[in-house]
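Visitor: A single structure is presented below for examination.
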Amino acid sequence: MTLDVPTGSGLRSLFRLAAAALVATAGWSGLGDSARAATLIDFNGDKNAEPYIEDLFAVAPNRIVNGNCLDGGCLALNNNESSTLTFTQAPGTFTLNSLNFNLLGNGTGNTLSVLGSNGGSASFTVGATYPKNSYHFFDFGDTFKNVTSVVFSTSNGGNVRIDDLMVSTPAPVPLPAAAWLLLGGLGALGAAARRRGAPAV
């Protein structure tokens with residue numbers, strides 16, 4: 001039994017067709033949205049690093065302190081300061097699920113603002129809902145879903161501590177079986193083409 005293997009332009013056309021099939025199956029691989037890996041950022045790492053990096057998440061500029069934190073370190077922002085959270089691994093998208101914050105200082109309208117690259121935003125001002133000198137937990141839901149950055153900033157005399165951020169990243173989804181079969185078939189085809197082109201001994 002002989003195997004007829006396309007040569008020349010026929011072989012190039014076959015490889016183009018295979019490449020198109022791989023592109024079509026690419027939607028099955030990469031980043032899935034249903035399964036997400038959750039990470040707690042508690043700022044207990046190297047406080048002198050710039051940017052501060054914990055579990056592949058970076059915070060810059062970095063002002064990690066030990067005072068008025070939930071446990072160990074926390075991110076500190078004085079009035080009119082800001083700091084940006086990013087994910088250092090490609091493609092860089094993540095979700096900010098929740099955080100804990102403490103409004104400090106002498107200002108009467110201390111405000112923490114949170115702004116995502118997706119346009120999502122949230123604001124917390126000292127008052128009956130968020131009294132000073134105590135930690136408050138907030139769950140953002142989908143407000144900061146699939147962002148590439150989140151900026152924390154303060155205003156109105158703010159002095160803020162931010163701690164225990166819960167973030168999540170898309171979990172990789174394996175290629176479907178059809179894609180692996182296609183890759184295996186291409187490998188066999190290439191091997192057959194090399195055997196056919198090999199000189200007789």
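Visitor: Look at segment 41-64 and say how many of its residues are free of Cβ contacts under 8 Å to residues at least 60 places away in the same chain, of a type outside the set (Gly, Ala, Ser) and assigned to a strand (DSSP E or B).
Guide: 5
Visitor: How many residues does segment 109-148 contain that are at pLDDT 95 or above, open to solvent by 40 Å² or more (accessible area, probe 1.4 Å) and of a type in the set (A, V, I, L, M)?
Guide: Residues meeting the conditions: 1.
Visitor: Would you kindly identify the strands (runs of 3 or more DSSP E) lying entirely within segment 90-143 that contain at least 2 residues that are closer than 15 Å to Asn79 by Cα? Please lay out each step first, then the result.
Guide: Working: elements: 95-104, 111-116, 121-125, 135-139.
Qualifying strands (runs of 3 or more DSSP E): 95-104, 111-116, 121-125.
Visitor: Could you list all residues from segment 158-181 that are closer than 24 Å to Ala76 by Cβ, open to solvent by 30 Å² or more (accessible area, probe 1.4 Å) and modelled with pLDDT under 95?
Guide: Asn159
Visitor: I would also like to ask the following. Looking only at segment 147-155, decide whether some residue is part of a loop (DSSP other than H, G, I, E, B) and touching a residue at least 12 places away in the same chain (Cβ under 8 Å). Break it down into steps so the answer makes sense when it comes.
Guide: Of all residues in segment 147-155, those part of a loop (DSSP other than H, G, I, E, B) come to 148-149.
Cutting the leftovers down to touching a residue at least 12 places away in the same chain (Cβ under 8 Å) gives us 148-149.
Yes, there is a match, as at least one residue in segment 147-155 is part of a loop (DSSP other than H, G, I, E, B) and touching a residue at least 12 places away in the same chain (Cβ under 8 Å).
Visitor: Would you point out the residue of segment 84-108, among those that are touching a strand residue (DSSP E or B) at 6+ places or on another chain (Cβ under 6 Å) and of a type in the set (Gly, Ala, Ser), that is most open to solvent (accessible area, probe 1.4 Å)?
Guide: Step by step, filter segment 84-108, then rank; the result is Gly105.
The values are calculated or read from the model by the stated rules, or taken from the named source; none is laboratory data. Since this is a predicted model, take the numbers as computed values, not measurements. With ideal geometry, Cβ positions are generated from the backbone for all residues, glycine too; neighbour counts draw on all protein chains shown. In case anyone asks, the SASA skips ligands and DNA or RNA and just uses the protein heavy atoms, side chains included. Shrake-Rupley method; radii C 1.70, N 1.55, O 1.52, S 1.80 Å.
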